[in-house]
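Engineer: One structure coming up, written as structure tokens, with questions to follow.
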Ligand SMILES: Nc1ncnc2c1ncn2[C@@H]1O[C@H](COP(=O)(O)OP(=O)(O)OP(=O)(O)O)[C@@H](O)[C@H]1O
Ligand SMILES: [Mg+2]
């Protein structure tokens, strides 16, 4: 018969490939019980969308096998870690992570990426919201094929839900407002803040925010007023050549907002005849930015006519053609993003713990003085 110490000792050798910490220290093993030769526990992963989930599960099984455990009952669940500063909790208590999608200039596919990313995360079982912060030109409702007039219940706007994603957009309120496109940065950020506080988001693992394009007043003010976990930069190969993405990275670095990584959209065209990947605008641009600025490369999304058709007709690739190359590219990127958020959240937690420990030491030192 094995002991609890032996089981934990063996599980401690399993290291999360992304967080570089062992799964016991990370608190991923719950409800451990040993009955005769039967070992049971829950493995609680940091996100259902983790790209390494199956690796961790495999390593756990082999750790138990090498300990001689034959009767293993393992339940695998996921609880997304919170990656926001605690001081911001009042604004959105139920939202664990806020991901803002940004770009150096317009038209690079920010909304396409935001929509497909949100849907792909929801498909993994995560609770997801999508906030269209493009007050000037909201295109999220169109891309999702969603026409709605959100209800207000108990003074809170109820976000309509589509394919498991709760959505809010200025597009839903245009008819009422009649003021499209005349807002300046502070007004835009005021509306976005209202979309955070006055909308009944409930519990969310990820809230994706589709920022207005570019590095102007509006995205800047929004990024400063909301508690963002990290920024996802969308770029295109042409963009890279013109240093446009670099400008966006510089802006967010100045704001001290963590950058989740860079997604290169419209990277290549797949030849319908020979299946070759044709890099129309040169290969490796997004990767180069990621190397130069030491920010993770999230992945490449192909340039595909079906992506544009899907956007125009309200049928995003991830839902309408889930097995396609393009949908797979989005789903893969979503997993990398979720993994990156787990890392940022873990770093934030470690920082908060060390700050709390330092504060406690200070208090103890002060009280000793007295
Ligand atoms: N990978 C892709 N393949 C083909 N078409 C794409 C791809 N990504 C985006 N598009 C198309 O390019 C156009 C611009 O995309 P999108 O609206 O997502 O960009 P954006 O960065 O949000 O633009 P804006 O700055 O205006 O908000 C849309 O017509 C969209 O369907
Ligand atoms: Mg857009």
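Engineer: Counting only residues that are within 16 Å of ligand 2 (Cβ to nearest atom) and either within 16 Å of residue 208 (Cβ to Cβ) or modelled with pLDDT of 90 or more (or both), how many does region 72-104 have?
Structural biologist: Step one: of region 72-104, the residues within 16 Å of ligand 2 (Cβ to nearest atom) are 99-104.
Okay, now just the ones that are also either within 16 Å of residue 208 (Cβ to Cβ) or modelled with pLDDT of 90 or more (or both), so 99-103.
Selection size over region 72-104: 5.
Engineer: For region 329-348, does any single residue satisfy the condition of being out of contact with any strand residue (DSSP E or B) (no Cβ under 8 Å at 6 or more places or on another chain), modelled with pLDDT under 85 and farther than 29 Å from residue 147 by Cβ? Spell out how you get there, then give the answer.
Structural biologist: If we filter region 329-348 for residues that are out of contact with any strand residue (DSSP E or B) (no Cβ under 8 Å at 6 or more places or on another chain), which is where we start, we get 330-331, 334-335, 339, 342-343, 346-348.
Within this subset, residues satisfying the condition of being modelled with pLDDT under 85 are 348.
Pick out the ones that are also farther than 29 Å from residue 147 by Cβ and you get 348.
For region 329-348, residues out of contact with any strand residue (DSSP E or B) (no Cβ under 8 Å at 6 or more places or on another chain), modelled with pLDDT under 85 and farther than 29 Å from residue 147 by Cβ: present.
Engineer: Can you find a residue in region 145-160 that is part of a helix (DSSP H, G or I) and either under 30 Å from residue 44 (Cβ atoms) or within 16 Å of ligand 1 (Cβ to nearest atom) (or both)?
Structural biologist: Keep residues of region 145-160 that are part of a helix (DSSP H, G or I), which gives none.
No, there is no match, as no residue in region 145-160 is part of a helix (DSSP H, G or I) and either under 30 Å from residue 44 (Cβ atoms) or within 16 Å of ligand 1 (Cβ to nearest atom) (or both).
Engineer: Is it true that some residue in region 332-340 is more than 29 Å from residue 96 (Cβ to Cβ) and touching a residue at least 24 places away in the same chain (Cβ under 8 Å)?
Structural biologist: Step one: of region 332-340, the residues more than 29 Å from residue 96 (Cβ to Cβ) are none.
No, region 332-340 contains no residue that is more than 29 Å from residue 96 (Cβ to Cβ) and touching a residue at least 24 places away in the same chain (Cβ under 8 Å).
Engineer: How many residues, within region 139-174, are closer than 26 Å to residue 339 by Cα, surrounded by fewer than 21 Cβ atoms within 10 Å (Cβ to Cβ) and in contact (Cβ under 8 Å) with a residue 40 or more places away in the chain?
Structural biologist: So the answer is 2.
Engineer: Looking at (1) at pLDDT 90 or above; (2) touching a strand residue (DSSP E or B) at 6+ places or on another chain (Cβ under 6 Å), which is the one condition that is false for residue 279?
Structural biologist: (2)
Here is a yes/no grid of residues against (1) surrounded by 14 or more Cβ atoms within 10 Å (Cβ to Cβ); (2) assigned to a strand (DSSP E or B):
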site	(1), (2)
25	no, no
34	yes, yes
39	yes, yes
51	yes, no
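The values are calculated or read from the model by the stated rules, or taken from the named source; none is laboratory data. Keep in mind that this is a model prediction, so the values were computed, not measured. Positions of Cβ are backbone-derived with ideal geometry, glycine not excepted, and every protein chain shown enters the neighbour counts.
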